[in-house]
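Undergrad: Submitted below is the structure of interest, expressed as structure tokens.
The values are calculated or read from the model by the stated rules, or taken from the named source; none is laboratory data. Keep in mind that this is a model prediction, so the values were computed, not measured. Ideal geometry is used to build each Cβ from the backbone, glycine not excepted, and the neighbour counts take in all protein chains shown. Calculation scope for accessible area: heavy atoms of the full protein, side chains included, ligands and nucleic acids excluded. Shrake-Rupley method; radii C 1.70, N 1.55, O 1.52, S 1.80 Å.
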Amino acid sequence: QVQLVESGGGLVQAGGSLRLSCAASGSIFSINFMGWYRQAPGKQRALVATITSGGITNYADSVKGRFTISRDNAKNTVYLQMNSLKPEGTAVYFCYLRTLGAGFWGQGTQITVSS
């Protein structure tokens, strides 16, 4: 079993910054990628950013240039640095880990961006 523990959410004013962390533990083998998704009220869960074990990144167009994903492979931890946050970024942010055989979700952390 794999556990994902997220931290770093909260309330921030528009234009501010936050940093999310997600630490993976348990029976982890052959990680393909880790990443972040978000779900705003009344909307479907959507990609924010992903990063492979080799460091290849992928971002949603809406966050390019403002968010940076990184990871520490030795710690099985992924980070999301979010700058210039906008009110439309208010959502529950979920960590995701994909192995060869399965995908795992964190419990989610709320981020609220006030205007």
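Undergrad: Among the numbered criteria (1) within 20 Å of residue 1 (Cβ to Cβ); (2) open to solvent by 50 Å² or more (accessible area, probe 1.4 Å), which single criterion is violated by residue 86?
TA: With respect to (1) within 20 Å of residue 1 (Cβ to Cβ); (2) open to solvent by 50 Å² or more (accessible area, probe 1.4 Å), residue 86 is out only on (1).
Undergrad: Also, quick follow-up: May I ask you to verify whether residue 16 is over 18 Å from residue 6 (Cα atoms) and either assigned to a strand (DSSP E or B) or at pLDDT 95 or above (or both)?
TA: yes
Undergrad: Now a separate question. Residues of segment 25-49 being at pLDDT 95 or above and either surrounded by 13 or more Cβ atoms within 10 Å (Cβ to Cβ) or under 20 Å from residue 100 (Cβ atoms) (or both), which ones?
TA: 34, 35, 36, 37, 38, 39, 40, 45, 47, 48, 49
Undergrad: Out of the residues in segment 96-115 that are farther than 26 Å from residue 11 by Cα and among the aliphatic types (A, V, I, L, M), state the one that is most open to solvent (accessible area, probe 1.4 Å).
TA: Selected residue: 100.
Undergrad: For residues that are touching a residue at least 60 places away in the same chain (Cβ under 8 Å), within 18 Å of residue 16 (Cβ to Cβ) and out of contact with any helix residue (DSSP H, G or I) (no Cβ under 8 Å at 6 or more places or on another chain), tally how many sit in segment 69-115.
TA: Residues flagged as touching a residue at least 60 places away in the same chain (Cβ under 8 Å), within 18 Å of residue 16 (Cβ to Cβ) and out of contact with any helix residue (DSSP H, G or I) (no Cβ under 8 Å at 6 or more places or on another chain) within segment 69-115 amount to 12.
Undergrad: Looking at segment 61-69, can you tell me whether even one residue there is open to solvent by less than 60 Å² (accessible area, probe 1.4 Å), hydroxyl-bearing (Ser, Thr, Tyr) and in contact with a strand residue (DSSP E or B) (Cβ under 6 Å, 6 or more places away or on another chain)?
TA: Looking through segment 61-69, none of the residues is open to solvent by less than 60 Å² (accessible area, probe 1.4 Å), hydroxyl-bearing (Ser, Thr, Tyr) and in contact with a strand residue (DSSP E or B) (Cβ under 6 Å, 6 or more places away or on another chain).
Undergrad: Taking the conditions exactly as written (small (Gly, Ala, Ser), open to solvent by less than 60 Å² (accessible area, probe 1.4 Å) and either more than 12 Å from residue 31 (Cβ to Cβ) or more than 13 Å from the chain's Cα centre (by Cα) (or both)), does residue 74 satisfy them or not?
TA: No, not satisfied.
Undergrad: How about segment 5-24: which of its residues are over 11 Å from the mean Cα position of the chain (by Cα), open to solvent by less than 40 Å² (accessible area, probe 1.4 Å) and not small (Gly, Ala, Ser)?
TA: Of everything in segment 5-24, those that are over 11 Å from the mean Cα position of the chain (by Cα), open to solvent by less than 40 Å² (accessible area, probe 1.4 Å) and not small (Gly, Ala, Ser) turn out to be 12, 18.
Undergrad: Can you tell me which of (1) on the phi > 0 side of the Ramachandran plot; (2) touching a helix residue (DSSP H, G or I) at 6+ places or on another chain (Cβ under 9 Å) is the one residue 8 doesn't meet?
TA: All conditions are met except number (2).
Undergrad: Right, next: Quickly run through segment 91-110 and pick out the residues that are more than 13 Å from residue 5 (Cβ to Cβ) and not in a strand (DSSP E or B).
TA: Within segment 91-110, 100, 101, 102 meet the criteria.
Undergrad: Here is a further query. Do any residues in segment 44-55 that are assigned to a loop (DSSP other than H, G, I, E, B) have Cβ atoms under 9 Å from those of residues that are basic (Lys, Arg), where the two are at least six apart or on different chains, and which pairs are they?
TA: Once the first residue is assigned to a loop (DSSP other than H, G, I, E, B) and sits in segment 44-55, its partners that are basic (Lys, Arg) give 45/38; 53/71; 55/71.
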